Amino acid sequence: MTFDVRVYGSIDSTQDEAARLARAGARHGTVVVAREQTGGRGRSGRRWESPLGNVYLSAILRPGVPPARVPEIGFLAGIAVAEAIDEACGCRSALKWPNDVMVSGAKVSGILLENREATVILGIGINVRTMPEGVNYPAARLGPEIEPELVRASVLRRLNRWLGEWEQAGFAAVRQAWLERAHPVGTQLTITGPEVLEGRFAGLDPSGALLLETAAGLRRIVAGDVAGL
Ligand code: BTN
């Protein structure tokens, strides 16, 4: 696939612009890029600080899979971002469920998946030159010398490759690559979200749900955050 990349200066949110374009009929593979956002959004209704110097993009995807498989796209996007970050910083980034990308235990990138009917809007934010202050988790940036445009181009190349792999071979290879970068099985995790749960990470089920071995037995978690890893 070739992405149709549209670059904006300042915009409310690339998610919102992508949704507007999608409603107007924009094709699968249309990508909205902004240099800054005035109303950047994170998961669970949080704000995403979006000054100049970072990567903000949203891709319109019409993957032709049932809604239950849409979260798989977040995992493959996480891998694509992690690989691009490794290339940019010469480091080995890690993934935290469901799809935060971490460097040395601090979050450098977040992914937001929104879908309506057959359209998925995949949003990616990467702290390249700046990072947010006053957030309730450790945050990091890649560094002031790193070029956001190069990171963005690398993410899109890798995203294209992983989307192709997923379309052809399904979720299994994505799940494997994700697990290789994630907290190891057995790690003690606290999950916050609809309810707070503690237990040991027991892997991902075939659909990407987090498996948690709790004192009360094995739980399958589809929504939430991993706190303080
Ligand atoms: C998270 O909470 O971890 C997800 C953050 C997603 C941020 C990106 S930046 C590009 C796109 N536009 C938005 O408003 N949000 C996403």
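The table for this structure:
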item: Meets criteria (without any contact (Cβ under 8 Å) to a residue 60 or more places away in the chain and out of contact with any helix residue (DSSP H, G or I) (no Cβ under 9 Å at 6 or more places or on another chain)) for residue 167; result: no
item: Sole exception among (1) assigned to a strand (DSSP E or B); (2) under 22 Å from the mean Cα position of the chain (by Cα); (3) among the aliphatic types (A, V, I, L, M) for residue 229, by number; result: (1)
item: Scan of the range 213-229 for residues that are surrounded by 14 or more Cβ atoms within 10 Å (Cβ to Cβ) and closer than 17 Å to residue 100 by Cβ, ordered by number; result: 221, 222, 224, 225, 226, 227, 229
item: Of all residues in the range 109-153 being surrounded by 15 or more Cβ atoms within 10 Å (Cβ to Cβ), assigned to a strand (DSSP E or B) and not hydrophobic (A, V, I, L, M, F, W, C), the one that is farthest from the chain's Cα centre (by Cα); result: 119
item: Filtered residue count, the range 189-199, keeping only those that are loosely packed, with under 14 Cβ neighbours inside 10 Å and in contact with a strand residue (DSSP E or B) (Cβ under 6 Å, 6 or more places away or on another chain); result: 2
item: Among the candidates 53, 45, residue that is without any contact (Cβ under 8 Å) to a residue 12 or more places away in the chain and at positive phi; result: 45
item: Residues being at pLDDT 95 or above, out of contact with any strand residue (DSSP E or B) (no Cβ under 6 Å at 6 or more places or on another chain) and among the charged types (D, E, K, R) - total across the range 110-148; result: 4
item: First in the range 4-25 and of a type in the set (Gly, Ala, Ser), second anywhere and surrounded by fewer than 15 Cβ atoms within 10 Å (Cβ to Cβ) and modelled with pLDDT under 95, Cβ under 9 Å, 6 or more apart; result: 19/116; 22/116
item: Qualifying positions in the range 103-123 - of a type in the set (Val, Ile, Thr) and within 25 Å of residue 143 (Cβ to Cβ); result: 103, 108, 111
item: Matching residues, the range 8-65, being in a helix (DSSP H, G or I), of a type outside the set (D, E, K, R) and within 12 Å of the ligand (Cβ to nearest atom); result: 14, 15, 18, 19, 44, 45
item: Residue 95 vs. criteria part of a strand (DSSP E or B) and either within 11 Å of the ligand (Cβ to nearest atom) or modelled with pLDDT under 95 (or both); result: no
item: Output for the range 104-134, where each listed residue is of a type in the set (A, V, I, L, M), farther than 15 Å from residue 79 by Cβ and more than 10 Å from the ligand (Cβ to nearest atom); result: 106, 118, 120, 128, 131
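The values are calculated or read from the model by the stated rules, or taken from the named source; none is laboratory data. Given the structure is predicted, the values throughout are model-derived calculations rather than measurements. Cβ atoms come from the backbone with ideal geometry, glycine included; neighbour counts cover every protein chain shown.
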